[in-house]
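The values are calculated or read from the model by the stated rules, or taken from the named source; none is laboratory data. Everything numeric in this text was worked out from a predicted model, so none of it was measured. Every residue, glycine among them, receives a Cβ derived from its backbone with ideal geometry; neighbour counts consider all protein chains shown.
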Protein chains: 2
Amino acid sequence: MYITQGLKRAVQINSEGIATIDGVRQRTWAEFAERVAKLAGGFKGLGLSKGGRVAILALNGDRYLEYFFAVPWAGGVVVPLNIRLAPPELTYMLNDSGTEILLVDDVLQAMLPAFSGKLTTVKHIVFAGEGATPEGTINYEECLALAEAVPDVERGGNEVAGIFYTGGTTGLANGVMLTHDNIISNALNVLASVDHAGERWRYLHVAPMFHLADCGSNCSLTMMASTHLFIPKFDIEAMLTVIQAHNVAATMLVPTMVNMLADFPGVEAYDLTSLRIIYYGASPMPEAVLARAMVLFPACEFIQGYGMTETSPVITMLEGRYHIFEGPLSGKIASAGQAVPSVEIKIVDEHDHEVSRGTVGEIITRGPHVMKGYWNKTEETARALRGGWMHTGDAGYMDGEGFVYIVDRVKDMIITGGENVYSVEVENVIYQHPAVAMCAVIGIPSSEWGEAIHAVVVCKEGHNETETDIIAHCKKRIAGYKCPRSVEIRREPLPLSGAGKVLKTELRSPFWKREARQVQ
Amino acid sequence: MYITQGLKRAVQINSEGIATIDGVRQRTWAEFAERVAKLAGGFKGLGLSKGGRVAILALNGDRYLEYFFAVPWAGGVVVPLNIRLAPPELTYMLNDSGTEILLVDDVLQAMLPAFSGKLTTVKHIVFAGEGATPEGTINYEECLALAEAVPDVERGGNEVAGIFYTGGTTGLANGVMLTHDNIISNALNVLASVDHAGERWRYLHVAPMFHLADCGSNCSLTMMASTHLFIPKFDIEAMLTVIQAHNVAATMLVPTMVNMLADFPGVEAYDLTSLRIIYYGASPMPEAVLARAMVLFPACEFIQGYGMTETSPVITMLEGRYHIFEGPLSGKIASAGQAVPSVEIKIVDEHDHEVSRGTVGEIITRGPHVMKGYWNKTEETARALRGGWMHTGDAGYMDGEGFVYIVDRVKDMIITGGENVYSVEVENVIYQHPAVAMCAVIGIPSSEWGEAIHAVVVCKEGHNETETDIIAHCKKRIAGYKCPRSVEIRREPLPLSGAGKVLKTELRSPFWKREARQVQ
């Protein structure tokens, strides 16, 4: 299987249908494919080698999607970069991946001076923005206009289609190698799991396209000849405006976005009745947040995907019909759903032995969705894929019907006074407090308990809850040992990763650095 | 990917759900999987080698499904044999495939004496029937009961999962090698194309399980932990009784079965309201037959699959929503639908160049569904897969939206007076005659026209239409050159392949033999 096959299918079945809508710009599948073939010609003209890496540092847009198909069409490998990273981190990724061509847009070109003289392999920089072409870069539209449409190279199967860096915000980034088969098997599994998969959706790219949670949908939507719409980055008003103006039917959001959406003043003023599916995932969704969003969009189906970059990304899905709070199936909403069709899951102990249903262990997974490995990192690859299974680092349990309940990242679990506490469980309780806008629960050093539970809370505007209020709220709802010992009330938002996950490592590190100093 | 993963998924998500219902016998997925693991142990105990072939010659039943999973579980390769073949043909297949173990049931054990002394590789015969165990065979239930459940060998990916013989009724049979990935990719493509794929269906195996049209569904249904029901062989009353008694929701029929069903007296007396999906395929369905069936089952969705053994089998699907006779989409019902998601199709001329939309050519296909090759037949494999595409031998054209219209088998096309006539088109017209139960149109030698169009027609009981009536019926509806020059009215049914296709080669051969004699 190979990624561009899906594009060719879209042209075969819907050549005059709308492929992309980006602001006032709109293109059919026939036009889109022609541009992809020419852009691929442009890349070849720039000397792109077989399997050569082409990176992109850009906000969402139609050119991002063209890039996503033109690179494999030319026989190259995509390297979508996290736009929130700092220049040294990006420099590392560009050099580590051996990127030959780099695409930037209007906003991200501001990074270019910081790269100056530091990129060891980049031969060309292509400016894919709308403004004036910066010196030393090649204009995207010119590159495309001057090129000949080339035939599809049709690399595929087990060959690498993309390198997706993870963990770039802390520690040294790992480049996850996903093959063509990885990405297509993800698309097929998602299509197989979602009802009405054969229909054509007007899908809005809201989450950043560099992130696999969004990027993974590129293939399934294109295979179905659906219509892609874009907003440059997450912005509630822009999102609501486009949904209303273009009758958007589906989108994918991360929980923090759902949270902000549900709290957005004036959301009721928009006509959002076209919206039929909200996919969500990339980090755990507090049930209270989900419940609020479901009230806001009663006609909308919520579908959860759970996974990670290393798994292309979907491991499990929780379908719309399980998003209910009453009746025999009501408990399932607390889960991440069941393994998608061709994916295997086990919950194991520290020796990789499967544990019984209901017992918490690490979630491991095997199948056509599991990455080829980490780029240039044999040891890390062997560790992550030991025994032929991808070790997710997520702690969870499975019920009698194969629904997987994620309790925490293994590394975010807190051991306090000998008891395991899952930070996510405590966060879910704190989110039930009506004044809470955001929160994160972490373990901090404690001479008495080993680790003590600490919460960082951001209140909604006009609310001034205190540490005592939050602790009291928790004490009414969960066992005392699970309640925070301390609460920090912050005014500014919590630090988020590019994928919208709270960066607990950043919250934790001052405490543990202090500890380290004390130990020394 | 590997076949038994789907079974493990079924146990993970629905261990207490009903896996199989065969007469009064009923088993849960947990029980079914336990039996599969023990039967695999039994096969290993009989010395099955790694990748060793295990053939089956049996009517439909729950043991057929157990076999289908136990063989790969033990690391073997399935060889499901066409029960309508003669002993010399089956002997050839058993020896050609190097089968080590052969399973037979009550009915097919009658073949055993004819094999005596002729099987060069079979070491054990397992009797999977209900009656007394024939001498020299091993009882299936004993083999299973005495064995230890063994762990799954987990062969998979590009390794051969099954050898499926085609064309066994005429000429030398070809063993189609399908890999684990072939079969799973078919399952995923079907699931991705059918709405409500995530639901659990009560599916009745009516078409013979040795044929890939039915056998292909084993995987998708099992992955979804659906319930399999069986009738030993096609029998309208048995079928209707089981549908009514067990609330069967889905089944797969070949067109001749749909035809007989629609004509069956008393069909209205059954409560068939549970039936929601009828898959059909394996040969072209005359529109008149389909229309009658749709009237009979107004609440039922008809879904067409087009494909062949070499493509695991599905190439295109025509979804339920295109089964309409009015409105803008009404023309699509004459097609076989569009390529399923990860499958490529082209219509090409005799030099393999793609023809324009609307032009008839040969249908060729590429993708993860295409067989590894023909067993032990390098030349035939190279010819069928030349240029990396499977050449279907079917003539058809594609419309502007990628719908494929199959006009004929390339070899069934008739060239008469320099005009191409598609036998299927003429048959469709003849089927519109209310007296016609079955028909086939073939080309026969003609000194005047090169080939002349000849129809063989079976009338319904109580009807006595003549050659003149049929020709007159056609002349009112199609161009004169497409009308039969001669019609043979037969009393007995037309010869059918195991898959229910009319064997045109058999109908043609007397004419062409005569011709050959005349030429000599």
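The set of residues in segment A:13-28 that are within 14 Å of another protein chain (Cβ to nearest Cβ) and either touching a Lys or Arg at 6+ places or on another chain (Cβ under 9 Å) or not in a helix (DSSP H, G or I) (or both) comprises A:14, A:15, A:16, A:17, A:28. If you go through segment A:293-309 one residue at a time, how many are aliphatic (A, V, I, L, M) and touching a helix residue (DSSP H, G or I) at 6+ places or on another chain (Cβ under 6 Å)? Residues in segment A:293-309 being aliphatic (A, V, I, L, M) and touching a helix residue (DSSP H, G or I) at 6+ places or on another chain (Cβ under 6 Å): 3 in total.
Looking at segment B:103-126 only, could you name the residues that are more than 10 Å from residue B:58 (Cα to Cα) and not β-branched (Val, Ile, Thr)?
Going through segment B:103-126, the residues more than 10 Å from residue B:58 (Cα to Cα) turn out to be B:110-126.
Hits for segment B:103-126 are B:110, B:111, B:112, B:113, B:114, B:115, B:116, B:117, B:118, B:119, B:123, B:124.
Listed by position, the strands (runs of 3 or more DSSP E) contained in segment B:337-437 that have at least 1 residues being of a type in the set (Gly, Ala, Ser) and over 21 Å from residue A:4 (Cα atoms) are B:361-366, B:390-398.
Looking at A:37, A:70, A:33 in this structure, which one is within 14 Å of chain B (Cβ to nearest Cβ) and either farther than 23 Å from residue B:337 by Cβ or in contact with a Leu (Cβ under 8 Å, 6 or more places away or on another chain) (or both)? Show your work before the answer.
Details: A:37 fails: within 14 Å of chain B (Cβ to nearest Cβ); A:70 fails: within 14 Å of chain B (Cβ to nearest Cβ).
Answer to the selection: A:33.
Can you tell which of A:451, A:425, A:419, A:461 is farther than 27 Å from residue A:394 by Cα and either touching a residue at least 60 places away in the same chain (Cβ under 8 Å) or in the same structural domain as residue A:495 (by TED's automatic domain parsing) (or both)?
Result: A:461 is the single residue among A:451, A:425, A:419, A:461 that is farther than 27 Å from residue A:394 by Cα and either touching a residue at least 60 places away in the same chain (Cβ under 8 Å) or in the same structural domain as residue A:495 (by TED's automatic domain parsing) (or both).
Cβ-Cβ distances below 8 Å connect the following pairs, each with a first residue in segment A:376-400 that is within 14 Å of chain B (Cβ to nearest Cβ) and in contact (Cβ under 8 Å) with a residue 12 or more places away in the chain, a second residue that is surrounded by 16 or more Cβ atoms within 10 Å (Cβ to Cβ) and assigned to a helix (DSSP H, G or I), and a separation of six or more residues or different chains: A:398/B:12.
For segment B:507-516, the criterion of being more than 27 Å from residue B:336 (Cα to Cα) and touching a helix residue (DSSP H, G or I) at 6+ places or on another chain (Cβ under 8 Å) is met by none of the residues.
Okay, residues lined up against (1) small (Gly, Ala, Ser); (2) away from every other protein chain (no Cβ under 14 Å); (3) in contact with a Leu (Cβ under 8 Å, 6 or more places away or on another chain):
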residue	(1), (2), (3)
A:265	no, yes, no
A:271	no, yes, no
A:292	no, yes, no
A:303	no, no, yes
A:312	yes, no, yes
A:336	yes, no, yes
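Taken as a whole, the structure places residue A:142 among residues that are free of Cβ contacts under 8 Å to residues at least 12 places away in the same chain, acidic (Asp, Glu), out of contact with any Pro (no Cβ under 8 Å at 6 or more places or on another chain) and not assigned by TED's automatic domain parsing to the domain that holds residue A:391.
Taking segment A:338-347 as the range and being under 19 Å from the mean Cα position of the chain (by Cα) and more than 9 Å from every other protein chain (Cβ to nearest Cβ) as the test, only A:340 passes. Can you find a residue in segment B:500-520 that is over 30 Å from the mean Cα position of the chain (by Cα) and under 26 Å from residue B:85 (Cβ atoms)? Checked segment B:500-520: at least one residue is over 30 Å from the mean Cα position of the chain (by Cα) and under 26 Å from residue B:85 (Cβ atoms).
Of everything listed in (1) part of a helix (DSSP H, G or I); (2) at pLDDT 95 or above, the single unmet condition for residue B:150 is (1). Evaluate the following for residue B:140: is it away from every other protein chain (no Cβ under 14 Å), closer than 29 Å to residue A:186 by Cβ and modelled with pLDDT of 95 or more? So residue B:140 fails the test. Here residue A:448 meets the list (1) modelled with pLDDT under 85; (2) in a helix (DSSP H, G or I); (3) not β-branched (Val, Ile, Thr) almost entirely, failing just condition (2).
Screening the candidates A:45, A:61 for the property of being farther than 29 Å from residue A:238 by Cβ and more than 14 Å from chain B (Cβ to nearest Cβ) yields one hit, A:45.
Pairing residues of segment A:466-479 that are in the same structural domain as residue A:424 (by TED's automatic domain parsing) with residues that are exposed (fewer than 13 other Cβ atoms within 10 Å of the Cβ) and in a loop (DSSP other than H, G, I, E, B), at Cβ distances under 7 Å and at least 6 apart in sequence or on separate chains, gives no pairs at all. One residue stands out among those in segment B:215-229 that are within 17 Å of the chain's Cα centre (by Cα) and not polar (S, T, N, Q): the one that is farthest from the other protein chains (Cβ to nearest Cβ), which is B:215.
So, in segment A:192-214, of the ones that are closer than 15 Å to residue A:229 by Cα and surrounded by fewer than 24 Cβ atoms within 10 Å (Cβ to Cβ), which residue ends up nearest to the other protein chains (Cβ to nearest Cβ)? Taking the candidates together, the pick is A:200. With a requirement of 3 or more residues that are more than 30 Å from residue A:190 (Cα to Cα), the helices (runs of 4 or more DSSP H) lying completely within segment B:186-289 that satisfy it span B:236-246, B:255-263.
Using the structure shown, decide if residue B:296 is modelled with pLDDT of 85 or more and within 21 Å of the chain's Cα centre (by Cα). Criteria not met by residue B:296.
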